Amino acid sequence: MRTLIHALGVLGQATTSLLLFGTIAWCAYAIASRMPRARSTAVHLCRVVLLGLGLTTAIFHLLAAFGKFTLVWVCALWCALALLAGLFLQPMPEWTRSMRRDWLWMRRTLTIRRRGMARITVPFSIALLLIIVARALWLPPLSWDALTYHAVKAGLWVQQGNVSLFNSPGG
């Protein structure tokens with residue numbers, strides 16, 4: 001029974017993570033698509049990533065200022081923003097056309113060429129990137145700085161729902 005409860009908790013966390021990632025990506029893509037078209041798709045996709053990071057930071061500071069930085073508030077706000085972005089920012093035919101163009105560019109870019117050094121360097125780079133990402137996802141932060149300061153402070157912020165400072169030099 002305990003294993004089932006744990007599995008359901010992990011499944012709920014994974015579902016929430018996918019929901020948050022999807023709503024952030026949707027909002028950032030909709031806003032980036034309303035900006036003047038970039039010269040290249042790579043610039044457009046970088047714009048989407050930067051907008052997503054900026055929006056995430058802004059939402060954190062907004063909710064933390066009111067002491068409402070909890071999972072329920074974060075999910076509710078991002079779902080509302082995604083709904084508004086879908087209703088007002090991006091007409092569906094234009095969105096599908098833009099998404100198809102970006103998807104084709106990514107497929108072309110990620111296709112491994114049969115000649116030259118790319119045949120060796122691209123798979124090696126992808127494997128190295130996957131190892132780095134897997135390590136970050138499966139292993140806890142083990143550095144002294146993370147264990148004594150950064151992770152502790154972030155954990156307290158999430159538990160309390162706001163940005164509170166320590167009674168120490170530097171806050």
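Scan the stretch 57-72 residue by residue and report those that are crowded, with 16+ Cβ neighbours inside 10 Å and assigned to a helix (DSSP H, G or I). Steps first, answer last, please.
Initially, the stretch 57-72 is screened for residues crowded, with 16+ Cβ neighbours inside 10 Å, giving 59, 63-64, 69.
Across the stretch 57-72, the qualifying residues are I59, L63, A64.
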So how many residues does the stretch 30-56 have that are assigned to a helix (DSSP H, G or I), at pLDDT below 90 and not hydrophobic (A, V, I, L, M, F, W, C)?
-> 4
Checking A118 against (1) under 25 Å from S17 (Cα atoms); (2) at pLDDT below 75; (3) of a type in the set (G, A, S), the condition it does not meet | (1)
Near pairs, Cβ below 6 angstrom, 6+ apart or cross-chain, from the stretch 86-105 (touching a residue at least 40 places away in the same chain (Cβ under 8 Å) and within 13 Å of H44 (Cβ to Cβ)) to any residue that is part of a loop (DSSP other than H, G, I, E, B) and open to solvent by 70 Å² or more (accessible area, probe 1.4 Å) | none
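Can you find even one residue in the stretch 84-92 that is modelled with pLDDT of 85 or more and either under 18 Å from the mean Cα position of the chain (by Cα) or β-branched (V, I, T) (or both)? Give the steps one after another, and end with the answer.
Filtering the stretch 84-92 down to residues modelled with pLDDT of 85 or more leaves 84-85.
Add one more test, that the residue is either under 18 Å from the mean Cα position of the chain (by Cα) or β-branched (V, I, T) (or both), and what stays is 85.
Yes, some residue in the stretch 84-92 is modelled with pLDDT of 85 or more and either under 18 Å from the mean Cα position of the chain (by Cα) or β-branched (V, I, T) (or both).
Looking at D145, D102, can you tell me which residue is assigned to a helix (DSSP H, G or I), among the charged types (D, E, K, R) and modelled with pLDDT under 85? I'd like the intermediate steps shown before the answer.
Working: D102 fails: modelled with pLDDT under 85.
Answer to the selection: D145.
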With the condition kept exactly as written, say whether any residue in the stretch 95-107 is under 22 Å from L18 (Cβ atoms) and either of a type in the set (A, V, I, L, M) or exposed (fewer than 10 other Cβ atoms within 10 Å of the Cβ) (or both).
-> yes
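The values are calculated or read from the model by the stated rules, or taken from the named source; none is laboratory data. In this text the structure is predicted, and so the values were computed from the model without any measurement. Every residue, glycine among them, receives a Cβ derived from its backbone with ideal geometry; neighbour counts consider all protein chains shown. Calculation scope for accessible area: heavy atoms of the full protein, side chains included, ligands and nucleic acids excluded. Shrake-Rupley method; radii C 1.70, N 1.55, O 1.52, S 1.80 Å.
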